[in-house]
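Bear in mind that the values in this text are calculations on the coordinates, not laboratory data. Given the structure is predicted, the values throughout are model-derived calculations rather than measurements. Cβ placement follows ideal geometry from the backbone for every residue including glycine, while neighbour counts extend to all protein chains displayed.
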Amino acid sequence: MLKPYLCILLILLAAARMHAGAADAAGPASSEPTTKDMRPGEDLWYVRAARLPCYAKVSAHEPHFSEPGLWDGDVQATLYSKQVWPKTRVLTWAKPGSGAKDGWEAKYWLEDGKPATMGISVDTDLVLPDAGAGYTVSLTDGRKYQPSAFRHLTIGAQACVVGHFSVKGNLWIKAGGKVMFLDSAVGGGHTFWRNDNLTNGWDARGVSLVDHFHFSKLADSSAEFIGIYHSEDNWQFHSGLFIVAGGSEIGMGNRTPPRIDKDATVAILGGGYLARRSNCDWADDLTIDGKLLAGLPERPLTRDARLGLGWKSKGVFLGSKGGGRMPGPDDLGLVVTQGGSVTVHSSDPAKFRLVINCSRRDDDWGQIEIISRDHPLHGDPLIAKLKELPRRTDMEIRGTITWNGILLDGIRAGGIHIATPPDLAAHGKGPAFGTDNEGKPAGLFAPLRK
């Protein structure tokens, strides 16, 4: 067990680290992401767009889709660019650089350049302008989750929005902006969620929205996520069409298994990535009751799309301890239930594919030790055994899957449980295989478990 003084030291170090991140965010460099935050070879259009002269004037409610360089080249093909929104109230924060803990009150906002007479409503558009100094605005009191808070939200440089709330319309976190505890996307219409930051000032890539994020758009509605987002816990896809844009990433934490419900569709476009940030070591990494698409019929893949799963080769060692969080028959990388489906829309299935593999992002051995087993923090011989295991994942297919246009990699031997394996000899009907599978292609498939 850790000594009390050591616990205090760790807390102080963590606080110092967070403070340093916040200080960095308040400096001039936070007005646009820097190349040091990019991965080798990365050239993201939404990062470049922050340098355009027009950038300071655009917003979630006035996105200027025709402005050269401000949007991706296929923007005219997107659902959100065709959406027409009725006119509504637009509230602009009156004193950029000065925050408030009760930011929902009318006294902090301007409407048409004059002091607002009413506060935030569910159909209000909000703008937090750029500022020379950082400021934080709380939009809810934090004591309850809001079924819906407002429509479009623009967060400018140096602004940070805090509070458990939902967004019905577009979200634009501009370069240097931040958000904390944004719980869900709700409502109708076709929307975009755009984050132009490669880091949120903490030791994490992209922006952390909340611990549990819920996607609950209406059945005929959608939201396209542009940029890099993650959650500390999980993402739940309840209804509507969730789109991972090209060059964008959605990273899910490891504490709760995510699910694509029967009324939800998740589409990963070419260059998009949906992944577990770390392994859900006591339950399935992703369950599909609804639909998972790679590409859309009107926007087929012209680059690979990626689905990253956690590694599942350690169950033999973990046993049954861990306070109820234990591995077992429900510890799979991917489960496609009887009503679920996986479909690929590709301009050329032999070249542009849905890559399903082991994400290999799970290197937090301490977290495995703490969550998976009821053991002290140090001295557990299990950790050495875990480090020696090969990184492989697995899946169970009870629903429909279109194998043509899928590339499998990092799959353990006998790891794909399915009633009828694909015909590997038939040209253009089976999946492709990467170089890191555990054995030959035929040996990756096994009968469904009873």
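Do the alpha carbons of any pairs in K262/K351; K82/K217; K87/K168; K57/K95 sit beyond 23 Å of each other, and which pairs?
K262/K351
Taking the Cβ of W403 as the centre, find all other residues whose Cβ is under 11 Å away and add up their charges (Lys, Arg: +1; Asp, Glu: -1).
For residues surrounding W403, the net value is +1.
Can you list the HN-Hα couplings for the stretch 431-436, worked out from phi with the Karplus curve (6.51, -1.76, 1.60; θ = phi - 60°), rounded to whole Hz and with x for Gly and Pro?
3J(HN,Hα) across the stretch 431-436, in whole Hz: x, 9, 10, x, 9, 10.
Which order do T117, T287, T256 fall in if you start with the one that has the fewest other Cβ atoms within 10 Å?
Final ranking by Cβ density, sparse to dense: T117, T256, T287.
Using Cβ counts within 10 Å as a stand-in for footprinting exposure, how do R398, R51, R449 rank, fewest first?
In order of increasing Cβ crowding within 10 Å: R449, R51, R398.
Summing +1 for each Lys or Arg and -1 for each Asp or Glu, what net charge is found among the other residues whose Cβ lies under 13 Å from the Cβ of N437?
Overall, the nearby charge balance is 0.
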